[in-house]
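Colleague: The structure that follows is given in the form of structure tokens.
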Amino acid sequence: MKGKLKRILVIPLMVCILISGGCNMSSTTVTETSSDLSWWQKTIAYEIYVKSFKDSDGDGTGDLNGITSELDHLKELGVGAVWLTPCYVSPQADNGYDIADYYNIDPAYGTMEDMDRLIEEAKKRDIRIIMDLVFNHTSNENEWFKKSRSGKDNPKSDWYIWRDPKPDGSAPTNWRSIFGGSAWEFDETRGQYYLHTFLPEQPDLNWENPEVRAALRDVANFWVKKGVGGFRMDAITYIKKPAEYKDGTPDAEDGMVGIHSMTANTDGILDYLHEFKSSVQDGTDIFTVGEANGVKPSDLDDWTGENGVFDMVFMFGLVNIDLPDETNWCETRDWKLDEFKSFFTDGVKSSEGAGGWFPVFLENHDQSRSIVHFLPEGGDRKARAKALATLLLTMKGTPFIMEGEELGYENVNWPSIDDYDDISTKNHYEFALEEGYSEEEAMEAVHHFSRDSARTPMQWDSTQNAGFTTGTPWLPVYPDYETWNRTSEKEDPDSVLNYYIKLSSLRREHSELIDGDYEEIMHDDESIFAFTRNNGTKKATVLINLTNKEASYDPGTVKDATCILCLEGDADPGALRPYEAVIYEE
């Protein structure tokens with residue numbers, strides 16, 4: 001019913017594994033993985049929201065020196081690639097995704113010397129730093145934009161997308177930005193509108209201009225020379241705009257149409273990206289992963305692999321599984337387990353078919369916490385978090401852990417929209433009210449989907465502000481920090497953190513979990529997500545009960561195999577407790 005945020009009632013989610021008790025893992029010697037794999041295919045990646053990871057100077061904002069101080073935490077997790085959200089100079093209209101200077105570090109995060117030190121200290125631990133390249137747009141305080149808006153005779157006049165008003169003075173098209181409101185902003189200085197896919201403070205670059213593309217390649221090569229290990233390419237599917245700017249069919253009562261449907265993956269985009277790849281990546285060992293909203297598994301032949309433009313692409317079908325319309329958080333849909341399974345199976349198989357590689361993720365800085373997003377509420381928190389960890393670290397591909405995911409974080413549940421910081425959250429809330437939803441319905445959607453849930457400060461210990469800062473944190477620390485923190489969990493053998501560490505070790509000890517082929521089994525089972533990983537030498541079978549009820553399977557599935565991940569004392573093939581997972585090897 002319109003206006004109701006429907007709760008996922010069916011086993012919605014991902015994966016499951018031991019509920020409580022110790023974990024029986026083999027102590028097999030580390031096996032050499034396939035020499036055909038690149039370093040980034042063998043490792044675990046970790047996303048750091050720089051503003052929220054660790055504050056070293058007491059100003060309430062996380063910084064580069066804070067990250068350097070906690071590199072051993074990442075090393076213990078088995079992390080080999082750390083993706084940093086943007087830490088370039090920025091006025092912070094969108095928490096750094098509005099870049100004013102690609103060549104310098106924002107003073108809030110430190111200095112370029114701090115960045116050099118971070119890259120070097122990470123390298124000592126076999127960890128490489130991955131930079132977030134935001135190339136669809138810049139900040140409106142970027143010098144490029146200031147020159148572009150100064151007049152049509154400026155050399156950078158067409159570095160951005162400018163259009164005259166319609167005859168009545170209104171915006172050139174009826175496109176709605178990703179964050180709500182018109183995607184066009186009128187500039188008094190220039191007397192024209194400029195396009196912004198996101199905020200008005202984030203004007204879109206004009207990739208049609210070869211000078212723009214060359215300038216962006218120079219930025220990337222600057223960071224390659226700094227020694228970074230790769231790039232995550234933000235909002236990359238929006239860089240190519242259509243040849244004509246026309247109104248679209250309105251999709252809401254505001255008379256506008258979402259810009260995604262009008263610009264995403266426009267023909268010709270791949271030409272630009274091939275140009276980038278050949279000028280930046282070829283001849284290096286860096287990797288690239290594109291934020292490819294709108295790219296489907298059937299598109300991967302063009303996007304990944306030797307003939308594609310990226311090594312991996314983040315596809316968002318899974319995280320949007322409960323949203324029939326991404327612009328409206330208040331309308332959700334129920335979904336079934338086989339749909340959930342298919343996102344992984346289709347992603348892995350399509351990536352393989354394209355000669356590419358699959359990035360496995362359940363969370364990022366734009367998504368709410370996975371144990372709330374995917375799993376039914378009310379189940380044991382620790383069990384649900386361990387369940388998702390199992391899927392993340394045994395699925396074929398490079399797993400991406402979101403900061404705090406390894407500690408089992410849940411969503412924030414602040415009572416008022418005024419408590420939230422994220423501009424997207426606030427805009428979705430206002431959009432819901434404009435569309436006729438009640439404040440209660442709008443807030444329910446906010447609690448379920450807000451990006452702030454992934455951005456609360458990292459909880460390091462049980463001291464004030466969770467050890468994140470000695471000052472006032474930029475965003476409130478989650479109130480459960482006294483028990484759900486890194487120090488407490490490290491001391492608890494049964495914690496979510498120690499489970500992640502054990503699973504990371506298991507991946508290294510059993511190479512088929514890294515280089516083995518993936519095959520889904522029992523697809524039609526409504527309770528269990530099951531698959532095998534087989535590298536020709538060893539075969540692992542992973543069985544995960546995704547429900548809060550006991551589930552059963554044919555014991556012959558794991559006949560003559562040894563359980564390498566089981567609950568203590570659990571030797572009963574064929575039965576799985578609620579949210580239990582097992583891994584057998586033969």
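Colleague: Please determine whether any residue of the stretch 191-208 is part of a loop (DSSP other than H, G, I, E, B) and small (G, A, S).
Modeller: yes
Colleague: So in the stretch 216-262, with the set limited to residues that are aromatic (F, W, Y) and in a helix (DSSP H, G or I), which one is nearest to F400 (Cα to Cα)?
Modeller: Checking each candidate, the answer is W223.
Colleague: Moving to a separate point now. Have a look at E410, E377, E363, E430 and point out the one that is part of a loop (DSSP other than H, G, I, E, B) and over 19 Å from T456 (Cα atoms).
Modeller: E377
Here's the yes/no breakdown for (1) hydroxyl-bearing (S, T, Y); (2) touching a Lys or Arg at 6+ places or on another chain (Cβ under 7 Å); (3) at negative phi:
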| residue | (1), (2), (3) |
| --- | --- |
| G355 | no, no, no |
| H365 | no, yes, yes |
| A389 | no, no, yes |
| M402 | no, no, yes |
| E406 | no, no, yes |
| W414 | no, no, yes |
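Colleague: Hey, any hits in the stretch 107-116 for a residue that's at positive phi and surrounded by 21 or more Cβ atoms within 10 Å (Cβ to Cβ)?
Modeller: Yes, because at least one residue in the stretch 107-116 is at positive phi and surrounded by 21 or more Cβ atoms within 10 Å (Cβ to Cβ).
Yes/no matrix, rows are residues, columns are (1) at pLDDT 95 or above; (2) in contact with a Lys or Arg (Cβ under 8 Å, 6 or more places away or on another chain); (3) surrounded by fewer than 23 Cβ atoms within 10 Å (Cβ to Cβ):
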| position | (1), (2), (3) |
| --- | --- |
| S34 | no, no, yes |
| Q41 | yes, no, yes |
| I48 | yes, no, no |
| G66 | yes, yes, no |
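Colleague: I've got another one for you. Give S157, S148 a once-over and let me know the one that is free of Cβ contacts under 8 Å to residues at least 12 places away in the same chain, in contact with a Ser or Thr (Cβ under 9 Å, 6 or more places away or on another chain) and of a type in the set (S, T, N, Q).
Modeller: Answer to the check: S157.
Colleague: Give the number of residues within the stretch 160-171 that are in contact (Cβ under 8 Å) with a residue 24 or more places away in the chain and exposed (fewer than 15 other Cβ atoms within 10 Å of the Cβ).
Modeller: Summing the residues that are in contact (Cβ under 8 Å) with a residue 24 or more places away in the chain and exposed (fewer than 15 other Cβ atoms within 10 Å of the Cβ) in the stretch 160-171 gives 3.
Colleague: Going through the stretch 506-528 one residue at a time, which ones are in a helix (DSSP H, G or I) and either charged (D, E, K, R) or surrounded by fewer than 17 Cβ atoms within 10 Å (Cβ to Cβ) (or both)?
Modeller: Residues satisfying the conditions are R507, R508, E509, E512, D515.
Colleague: Can you tell me which residue within the stretch 267-308, out of those that are hydroxyl-bearing (S, T, Y) and touching a residue at least 60 places away in the same chain (Cβ under 8 Å), is nearest to V319 (Cα to Cα)?
Modeller: Y272
Colleague: So, one more: Which condition number in (1) touching a strand residue (DSSP E or B) at 6+ places or on another chain (Cβ under 7 Å); (2) farther than 25 Å from G96 by Cα is the one that A432 fails?
Modeller: A432 satisfies every listed condition except (1).
Colleague: Do the conditions hold for F179, that is, is it within 11 Å of G258 (Cα to Cα) and within 33 Å of the chain's Cα centre (by Cα)?
Modeller: For F179, the condition - within 11 Å of G258 (Cα to Cα) and within 33 Å of the chain's Cα centre (by Cα) - is met.
Colleague: Kindly check whether there is at least one residue in the stretch 384-397 that is part of a helix (DSSP H, G or I) and without any contact (Cβ under 8 Å) to a residue 12 or more places away in the chain.
Modeller: Looking through the stretch 384-397, none of the residues is part of a helix (DSSP H, G or I) and without any contact (Cβ under 8 Å) to a residue 12 or more places away in the chain.
Colleague: So L323 clears everything in (1) hydrophobic (A, V, I, L, M, F, W, C); (2) part of a loop (DSSP other than H, G, I, E, B); (3) under 29 Å from G229 (Cβ atoms) except one condition, right? Which one?
Modeller: (3)
Colleague: If I ask for residues that are outside any helix (DSSP H, G or I) and in contact with an Asp or Glu (Cβ under 9 Å, 6 or more places away or on another chain), which ones from the stretch 483-505 would you list?
Modeller: Scanning the stretch 483-505 gives T483, W484, N485, S495.
Colleague: When you scan the stretch 529-539, do you find a residue that is farther than 30 Å from D418 by Cα, more than 25 Å from the chain's Cα centre (by Cα) and part of a helix (DSSP H, G or I), even just one?
Modeller: no
Colleague: So how many residues does the stretch 240-291 have that are more than 24 Å from the chain's Cα centre (by Cα) and of a type in the set (A, V, I, L, M)?
Modeller: Final tally of qualifying residues: 4.
Colleague: Among the acidic types (D, E) and closer than 22 Å to D346 by Cα: which single residue out of E326, E244, E253, E275 fits that description?
Modeller: After ruling out the rest, the residue left standing is E326.
Colleague: Here is a further query. Which members of the stretch 266-296 meet the condition of being in a loop (DSSP other than H, G, I, E, B), surrounded by fewer than 14 Cβ atoms within 10 Å (Cβ to Cβ) and among the hydroxyl-bearing types (S, T, Y)?
Modeller: Answer for the stretch 266-296, where residues must be in a loop (DSSP other than H, G, I, E, B), surrounded by fewer than 14 Cβ atoms within 10 Å (Cβ to Cβ) and among the hydroxyl-bearing types (S, T, Y): just T284.
Colleague: Would you be able to tell me the number of residues in the stretch 188-218 that are surrounded by fewer than 18 Cβ atoms within 10 Å (Cβ to Cβ), touching a residue at least 12 places away in the same chain (Cβ under 8 Å) and farther than 17 Å from K241 by Cβ?
Modeller: 4
Colleague: Something else now. Of the residues T463, T469, only one is hydroxyl-bearing (S, T, Y), closer than 26 Å to Y46 by Cα, surrounded by fewer than 22 Cβ atoms within 10 Å (Cβ to Cβ) and over 20 Å from the mean Cα position of the chain (by Cα); which? Give the derivation first.
Modeller: On the way: T469 fails: surrounded by fewer than 22 Cβ atoms within 10 Å (Cβ to Cβ).
It is T463.
Colleague: Can you tell me which condition F400 does not meet? The list is (1) hydrophobic (A, V, I, L, M, F, W, C); (2) in a helix (DSSP H, G or I); (3) closer than 30 Å to S511 by Cβ, and all the others hold.
Modeller: (2)
Colleague: I'd like the full set of residues that are under 20 Å from the mean Cα position of the chain (by Cα) and farther than 30 Å from K146 by Cα, limited to the stretch 76-111.
Modeller: L77, G78, V79, G80, A81, V82
Colleague: From S148, S157, grab the single residue that is assigned to a helix (DSSP H, G or I), among the polar types (S, T, N, Q) and over 21 Å from F222 (Cβ atoms).
Modeller: S148
Colleague: Continuing with the same structure: Only one residue in G230, G248 is on the phi > 0 side of the Ramachandran plot and modelled with pLDDT of 95 or more, so which one is that?
Modeller: When all the criteria are applied, what remains is G230.
Colleague: Now for a separate question. Mind checking which residues of the stretch 298-309 are surrounded by fewer than 21 Cβ atoms within 10 Å (Cβ to Cβ) and either of a type in the set (A, V, I, L, M, F, W, C) or out of contact with any Leu (no Cβ under 6 Å at 6 or more places or on another chain) (or both)?
Modeller: If the condition is that a residue be surrounded by fewer than 21 Cβ atoms within 10 Å (Cβ to Cβ) and either of a type in the set (A, V, I, L, M, F, W, C) or out of contact with any Leu (no Cβ under 6 Å at 6 or more places or on another chain) (or both), then S298, D299, D301, G305, E306, N307 are the ones that fit.
Colleague: What number of residues within the stretch 423-478 are in contact with a Leu (Cβ under 9 Å, 6 or more places away or on another chain), within 19 Å of Y109 (Cβ to Cβ) and free of Cβ contacts under 8 Å to residues at least 60 places away in the same chain?
Modeller: 0
The values are calculated or read from the model by the stated rules, or taken from the named source; none is laboratory data. Just so we're clear, the structure is a prediction, and the values are computed from it rather than from any experiment. Neighbour counts are summed over all protein chains in view; Cβ atoms, including those assigned to glycine, are modelled from backbone coordinates with ideal geometry.
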